[in-house]
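The values are calculated or read from the model by the stated rules, or taken from the named source; none is laboratory data. None of the values given here were measured: they were computed from a predicted structure. Reconstructed Cβ throughout: ideal geometry from the backbone, glycine too, with neighbour counts over all protein chains shown. The accessibility values were calculated without ligands, DNA or RNA, using every heavy atom of the protein model including side chains. Shrake-Rupley method; radii C 1.70, N 1.55, O 1.52, S 1.80 Å.
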Amino acid sequence: METTIRQHHLCVTNTLTRKKEAFEPIHAPLVGMYVCGPTVYGDPHLGHARSAVTFDIVFRYLKYLGYKVRYVRNITDVGHLEHDADQGEDKIAKKARLEQLEPMEVAQFYTNRYHAFMDMLGVERPGIEPLASGHIIEQISLISRILEAGMAYVENGSVYFDVRKYNEKFAYGKISGRVLDDLLATTRDNLASQDEKHAPADFALWKKAQPGHIMRWPSPWSDGFPGWHTECTAMSRKYLGQPFDIHGGGMDLMFPHHEAEIAQSNAAYGVEPCRYWLHNNMITINGQKMGKSLGNFITLEEFFTGNHSALTQAFDPMTIRFFILQAHYRSTLDFSNEALISAEKGLQRLLQVRPALERIRPSSGSQAKELLQELEAKCQAAMDDDFNTPVLIAHLFDLVKMVNSAADNKTAFTAQDVETAGNLYRRFVEEVMGLRSVESGNKSEKKLDGLMGILLGIRAKAKSEKDFATSDLIRDKLKDLGIAVMDGKDGATWKME
């Protein structure tokens, strides 16, 4: 079946080159995208949501343009040690010990939780979601190739990547900007706790399991488990080949994780992992990164229930999604309860386009045809500019003004204009940004929404005919029922008090 690609000028910011580059897939119309997923030992928080929503937008927009995207996002269920280090306890094994569970029970429980919360946020599932524990053979094969290339060494049954040997042929530090000499200048005190390593910058490819370690597999070197970094190199290559198009993840993964991925790929196969590296920035609270390791995170469940001291109310998943999209994915996003309340109001205003479209009485002449065409071009231009959702949202609020003006009989819309505006809303609000009405599953509230659309339409007509008695009567009667009507420059809106 022939694939049609929309005409576009998509540019993405490639972290590797520090430049904005034209997006040109290696095997168009196919696009391969790999994104680092969660380590499943606890409930997802806002930081997890930002990464998931960011690459959901990338996934959605590439599909909107007509590309066939193979989206791979891993689940880390083994090998991720405490503090992202090469020593200490496996994060999942530690949780299992504390809760007296099998490690895979912990991994499965939190994987299920992660899926449930991402579904609520409107994040589409990836096409492939491989588990680190399901690809031990591939990781052993990768490590063997790195050893054969002379860029790794075995110590006491563990295997470490030799960064100095690698740097003789390739450049270590190219994506993170770290200087190898600085990394090697770590004090002997720091090295003492990692005395198997030849240098502090070296990282584990395979760890020999201690007698009490539950998660272990046989290998040519020892019964043990793979290092955290090996899984992504092995699994991305298995499902996407090398190089593939896009590798995504949070900015906090640039070092050591993504630096290690580049090194492993070059050492084993002599090729870069991918063409474009995309990184989302972090969520901050009072200027400090939100994260589990810092203990300052708020889980998605707490946002959805309002059960946290920093929150004054519960927030719908779509409000959280809209809050994330209000900032460019490469910018920091500072959390506050006030910012979420503002996002809630903005989302409600945007979602009123659909009921407002139903109130429009089409006319024979148009005052909006060219404006709507220009607006559609602006929306695509915003997304073509490195997925610039804040600018897209600003343009969509122009759509809100136009539609409300037509619904209040201040601007003439033909039937074709109504259809064009509806398509614009569907494509960019629902299809690209993944926003849906918070009442989407409630039939009675949908009916109320429709009924209010009719009443506000009658009221707008009365106002336009200077029948203020009828207009005020409708407003006052609705107020008696606990429904507030607000008149604004973009038309009337309503809310339950």
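Binning every alpha carbon pair distance of region 7-100 at 10 Å from zero, what are the percents per bin?
13, 34, 27, 18, 7, 0
Beta carbons within 10 angstrom, averaged per residue: use that to sort the peptides 351-361, 448-458, highest first.
Values: 351-361: 20.8, 448-458: 17.0.
In decreasing order of mean packing, 351-361, 448-458 become 351-361, 448-458.
Test of understanding: what is the full-extension gain from Ile454 to Arg125, defined as 0.36 nm times their sequence separation minus their Cα-Cα distance?
Length gained, Ile454 through Arg125: 114.7 nm.
So who's got an amide H within less than 5 Å of the one on Ser158, skipping anything under 5 residues away but keeping other chains? H placed 1.01 Å off N, in plane.
Lys208
For a 20 Å ceiling on Cα separation, which of these pairs sit above it: Lys289/Lys345; Lys345/Lys489; Lys20/Lys68; Lys410/Lys463; Lys165/Lys197; Lys208/Lys238?
Working: Lys289/Lys345 26 Å; Lys345/Lys489 16 Å; Lys20/Lys68 23 Å; Lys410/Lys463 11 Å; Lys165/Lys197 13 Å; Lys208/Lys238 25 Å.
From the list (Lys289/Lys345; Lys345/Lys489; Lys20/Lys68; Lys410/Lys463; Lys165/Lys197; Lys208/Lys238), the Cα-Cα distance tops 20 Å for Lys289/Lys345; Lys20/Lys68; Lys208/Lys238.
Just to be sure I understand the model, the point goes 7 Å from the Cα along the line to the Cβ. What's the resulting Met496 to Cys11 distance in nm?
Calculated label separation equals 4.6 nm.
Can you give the FRET efficiency to the nearest 0.05 for Ser363 and Asp181, using r as the Cβ-Cβ distance and R₀ = 60 Å? Walk me through the intermediate numbers first.
Values: r = 72 Å, r/R0 = 1.20.
Rounded to the nearest 0.05, the efficiency is 0.25.
Starting from the Cα gyration tensor of region 23-66, take the square roots of the eigenvalues, sort them a ≥ b ≥ c, and report rounded, prolate or oblate (rounded when a/c is under 1.5, otherwise prolate if a/b is larger than b/c, else oblate). Working shown, then result.
Working: a/c = 4.02, a/b = 2.28, b/c = 1.76.
Note, shape of region 23-66 comes out prolate.
Straight-line reach from Lys169: which aspartates and glutamates have Cα under 20 Å away, leaving out those fewer than 8 places along the same chain?
Glu148, Asp181, Asp182, Asp202, Glu259, Glu261, Glu272
Shape call for region 251-358 from the C-alpha gyration tensor, a ≥ b ≥ c root eigenvalues: rounded (a/c under 1.5), prolate (a/b greater than b/c) or oblate? Present the calculation step by step, with values, prior to reporting the outcome.
On the way: a/c = 3.25, a/b = 1.74, b/c = 1.87.
Because a/c hits 1.5 or more and a/b fails to exceed b/c, region 251-358 counts as oblate.
Sort 380-387, 320-327, 227-234 by packing, meaning the average of other beta carbons within 10 Å per residue, with the highest value first. Present the calculation step by step, with values, prior to reporting the outcome.
On the way: 380-387: 20.1, 320-327: 23.0, 227-234: 27.1.
The most tightly packed comes first, giving 227-234, 320-327, 380-387.
For His213 and Leu473, calculate 0.36 nm times their separation in residues minus their Cα-Cα distance, and state this gained length in nm to one decimal. Spell out each step's value before the answer.
Values: separation 260, 0.36 × 260 = 93.60 nm, distance 7.33 nm.
Separation in residues times 0.36 nm, less the Cα-Cα distance, equals 86.3 nm.
State in Å² the accessible area per residue of the chain; use a 1.4 Å probe, count heavy atoms of protein chains only, and round to the nearest integer.
45 Å²
In degrees, nearest 10, range 0 to 90: what is the angle between the Cα axis of helix 337-351 and the longest Cα principal axis of the chain?
Its long axis makes an angle of about 50 degrees.
Carbon-plus-sulfur fraction of the accessible area of the chain, 1.4 Å probe, in percent? Could the numbers behind the result be given before it?
On the way: 11080 of 22270 Å².
For the chain, the apolar C and S fraction of the accessible surface comes to 50 percent.
Out of residues 5 or more away from Phe244 or on other chains, whose amide H comes under 5 Å of its own, with H placed 1.01 Å from N in the peptide plane?
Distant-sequence amide H within range of Phe244: Cys274, Arg275.
Considering the alpha-carbon set of region 1-157 alone, what are its Rg and its Dmax in angstrom?
For region 1-157, the Cα-based Rg and Dmax read 18.9, 57 Å.
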